[in-house]
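Sharing a structure here in structure tokens format.
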Amino acid sequence: MVGASSLEMLGRWESPICAGLTPLSRCRVGPCGRACWRQPADPAAPGAVEEVAGQPGSAAAALRGHQRQRGQRALLQLYTIYLIRSGRFDKAPAAIARRYSDFEQLNRRLRCRFGCDMAGITFPRKRLRRNFTAETIAKRSRAFEQFLSHLHSIAEIRRSPEFLEFFFLQDLQAAQRLTCTGMYREALATWANAYRLQDRLGVCGSGRFLLTLAGLAVCHQELDELGEAHGCCEQALQLLEAQGSHPLLGPFLQAHVHLAWKVGKDKRRSEARLQDLREAGPPLQQQPTLKECLIKEPLE
């Protein structure tokens, strides 16, 4: 469990030069550790399998069509993690894809910082032989789920930047790059996934989350979706309500006033807060816009 979320994991293959992935059956690993394979939406898709529940070899059947190497290129093994709200149907689960090396880096960073807490946590080892068999991938998927669940059970670790940013930092970096290059539709989808990840992890009051709202607002505005952009600014200003100063407060207020005027919403409260900022600090004309803040923010 992660926050109010459960983890759904899937081991799959990707060629380094492939633009997309062939659909695979999803594997939900429940509390009893039994794998339940479900047929993908497209029954004719390569690698599609009949529905099998907990039978030996089901993982191998699901992945058999994906163990193919082209020429001398090595295939890239990805593990997809779904963060789903527990206790109810989640129509829009957050998802990330991570390689073994990503988990390995997380393990290394946490052991450096939390040596005592990590002493009893087992990390799945890489095998020298049969490392890319379907059986190995299925076992490692379950092992990684147990690894993450064990990490989350330790309060200090689950609140650490190392653990949290394992889930959403790559999305933030990718969304920022897409925004900088003007690919707003693609950036919007990536910002939205980063939003869902942070929401499921319960870190909606952090600076990263405010930056995510800034990214959503900028992309919505650039795509002429002004109502959605206005809503993102309102949510950010609610989070900033108790803060007298924050680097993003002025830019969010200015964007909110402009958008409220565009969509015909009340802007008096934001105008009053802007006036308070003018009296307390430097001229607002010298402050960057929300988009400029977004582009300049270092994400490391």
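Please tell me if residue 215 is under 30 Å from residue 152 (Cα atoms) and part of a helix (DSSP H, G or I).
Criteria met by residue 215.
Going through region 263-283 one residue at a time, which ones are open to solvent by 80 Å² or more (accessible area, probe 1.4 Å), part of a helix (DSSP H, G or I) and modelled with pLDDT of 90 or more?
The answer is 268, 269.
Let me ask you something else. So, in region 67-84, of the ones that are farther than 22 Å from residue 162 by Cα and open to solvent by less than 80 Å² (accessible area, probe 1.4 Å), which residue ends up modelled with the highest pLDDT?
Only one residue fits best here, namely 77.
Within region 153-169, can you find the residues that are more than 13 Å from residue 103 (Cα to Cα) and either assigned to a helix (DSSP H, G or I) or open to solvent by less than 40 Å² (accessible area, probe 1.4 Å) (or both)?
Scanning region 153-169 gives 154, 155, 156, 157, 158, 160, 161, 168, 169.
Suppose we keep only residues that are touching a residue at least 40 places away in the same chain (Cβ under 8 Å) and hydroxyl-bearing (Ser, Thr, Tyr) within region 154-193. Which one would you say is farthest from residue 206 (Cα to Cα)?
Of everything passing the filter in region 154-193, 179 is farthest from residue 206 (Cα to Cα).
Taking interchain pairs and intrachain pairs at least six residues apart, which have beta carbon atoms under 7 angstrom, with the first residue in region 93-111 and closer than 19 Å to residue 150 by Cα and in a strand (DSSP E or B) and the second of a type in the set (Ser, Thr, Tyr) and modelled with pLDDT under 95?
From region 93-111, the pairs are 98/79.
Taking region 284-300 as the region of interest, how many residues are under 18 Å from residue 213 (Cβ atoms) and open to solvent by less than 40 Å² (accessible area, probe 1.4 Å)?
Qualifying residue count, region 284-300: 4.
Could you please find all residues in region 210-226 being of a type outside the set (A, V, I, L, M) and buried (at least 22 other Cβ atoms within 10 Å of the Cβ)?
So in region 210-226, the residues of a type outside the set (A, V, I, L, M) come out as 212, 215, 219-222, 224-225.
The answer is 212, 215, 219, 220, 221.
May I pose another question? If we scan region 228-236, do we find a residue that is assigned to a helix (DSSP H, G or I), over 26 Å from residue 300 (Cβ atoms), in contact with a Lys or Arg (Cβ under 8 Å, 6 or more places away or on another chain) and open to solvent by less than 30 Å² (accessible area, probe 1.4 Å)?
yes
Here's another thing I want to ask about it. Considering only region 112-123, state which residues are over 17 Å from residue 149 (Cα atoms) and exposed (fewer than 11 other Cβ atoms within 10 Å of the Cβ).
Residues satisfying the conditions are 112, 115, 116.
Another question, if that's okay. Looking at the structure I just gave you, is residue 260 in contact (Cβ under 8 Å) with a residue 60 or more places away in the chain, assigned to a helix (DSSP H, G or I) and more than 15 Å from the chain's Cα centre (by Cα)?
no
The values are calculated or read from the model by the stated rules, or taken from the named source; none is laboratory data. Just so you know, these numbers come straight off a predicted model, no measurement behind them. Methodologically, a virtual Cβ is constructed for each residue, glycine included, from the backbone with ideal geometry; neighbour enumeration extends over all protein chains shown. All accessible areas refer to the heavy atoms of the entire protein, side chains included, with ligands and DNA or RNA removed. Shrake-Rupley method; radii C 1.70, N 1.55, O 1.52, S 1.80 Å.
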